[in-house]
Amino acid sequence: MTILDHETLDVGTPTGPMRMHLFRPAAPGRYPAVLFFSEIFQVTGPIRRTAAMLAGHGYLVGVPEIYHEYEPAGSVLAYDAAGAERGNLLKITKPVAAYDADARAALESLRVHEASTGALGVMGICIGGHLAFRAAMNPGVRAAACFYPTDIHQGSLGEGKNDNSLARVASGELGAELLMVFGRQDPHIPLEGRRRIQKVLEEAGTRFQWVEFNAAHAFLRDEGPRYDPALARTSYGLVLELFGRRLGAGDL
């Protein structure tokens with residue numbers, strides 16, 4: 001199935017327009033929608049390829065530029081020390097309320113899009129995994145795939161490094177089914193951090209799958225030495241199973 005490789009939509013948010021990149025099947029019709037959050041580097045080549053893979057399986061995929069308030073539309077941070085420094089700085093500069101407002105606006109744009117069935121899922125990688133975790137608490141989101149989501153275990157996302165993600169789960173705000181995927185050799189989410197997240201999910205009665213691979217941080221990214229193509233293939237199979245079961249099918 002071929003896709004429309006690059007279409008953009010500027011979504012209105014309380015902090016200004018947010019560029020969102022749309023990927024979807026070229027065949028006319030309506031498809032379940034997936035809001036896909038990137039790493040700290042924004043919409044890079046690997047992120048585009050992952051979005052294209054999802055779209056090729058019959059989804060309308062929206063990838064927002066998470067730092068739209070601080071970087072010009074279309075900006076991509078490099079996979080180098082300078083890019084990581086900038087991305088990590090912006091991660092704790094942007095208020096959590098702004099991340100949440102962005103998610104709500106993007107989800108609504110996807111829900112009402114002419115190519116959408118209205119069924120909503122979310123997915124994210126690294127910081128995007130955490131953003132997907134929070135976005136899954138919005139009404140109407142049926143499923144979330146969160147890959148090595150940073151900062152959840154220590155509540156350190158956003159301005160002041162003081163988010164409430166686990167507290168919200170504990171209070172019963174998470175209704176979507178989760179797929180949580182981690183690498184055991186990931187220094188950003190150590191064993192004690194993973195167990196803390198898992199305990200909160202268990203005690204809240206959340207419906208979730210929990211997967212830990214022998215892998216490093218960024219094992220899904222198809223650039224760089226940490227990429228593990230075998231685990232990436234397995235991971236995508238888990239994602240497609242979840243979304244296929246929870247979001248239903250589109251017109252094809």
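The values are calculated or read from the model by the stated rules, or taken from the named source; none is laboratory data. All values reported here derive from a predicted model rather than from experimental measurement. Note: ideal-geometry Cβ built from the backbone for every residue, glycine included; neighbour counts use all protein chains shown.
What to note about this one:
- Some residue of the range 37-47 being buried (at least 21 other Cβ atoms within 10 Å of the Cβ), farther than 18 Å from Gly129 by Cα and among the aromatic types (Phe, Trp, Tyr): no
- Top-ranked residue of the range 4-34 - restricted to ones that are buried (at least 16 other Cβ atoms within 10 Å of the Cβ) and in contact with a Pro (Cβ under 6 Å, 6 or more places away or on another chain), ranked as farthest from Leu247 (Cα to Cα): Met18
- When restricted to residues that are without any contact (Cβ under 8 Å) to a residue 60 or more places away in the chain and touching a Cys at 6+ places or on another chain (Cβ under 7 Å), the range 134-179 contains 2.
- Residue selected from the range 61-76 under the condition buried (at least 19 other Cβ atoms within 10 Å of the Cβ) and without any contact (Cβ under 8 Å) to a residue 60 or more places away in the chain, by the criterion farthest from Thr8 (Cα to Cα): Tyr67
- Subset of the range 100-137 that is in contact with a helix residue (DSSP H, G or I) (Cβ under 9 Å, 6 or more places away or on another chain) and of a type in the set (Val, Ile, Thr) - its residue that is surrounded by the fewest Cβ atoms within 10 Å (Cβ to Cβ): Thr117
- Among the numbered conditions (1) closer than 22 Å to Ala51 by Cβ; (2) surrounded by 12 or more Cβ atoms within 10 Å (Cβ to Cβ), the only one that His188 does not meet is (1).
- Matching option when the condition is touching a Phe, Trp or Tyr at 6+ places or on another chain (Cβ under 8 Å), at pLDDT 95 or above and hydroxyl-bearing (Ser, Thr, Tyr), among Tyr236, Tyr227: Tyr227
- Residue that is surrounded by the most Cβ atoms within 10 Å (Cβ to Cβ) [pool: residues in the range 48-59 that are of a type in the set (A, V, I, L, M) and more than 14 Å from the chain's Cα centre (by Cα)]: Ala55
- Residue list for the range 61-91, filter: closer than 30 Å to Gly29 by Cβ and over 14 Å from the mean Cα position of the chain (by Cα): His68, Ala73, Gly74
- Those residues of the range 220-232 which are free of Cβ contacts under 8 Å to residues at least 40 places away in the same chain and surrounded by 15 or more Cβ atoms within 10 Å (Cβ to Cβ), in sequence order: Arg226, Tyr227, Asp228, Leu231, Ala232
- Near pairs, Cβ below 6 angstrom, 6+ apart or cross-chain, from the range 107-129 (among the β-branched types (Val, Ile, Thr)) to any residue that is in a helix (DSSP H, G or I): Val122/Ala132; Val122/Ala135; Ile127/Lys91
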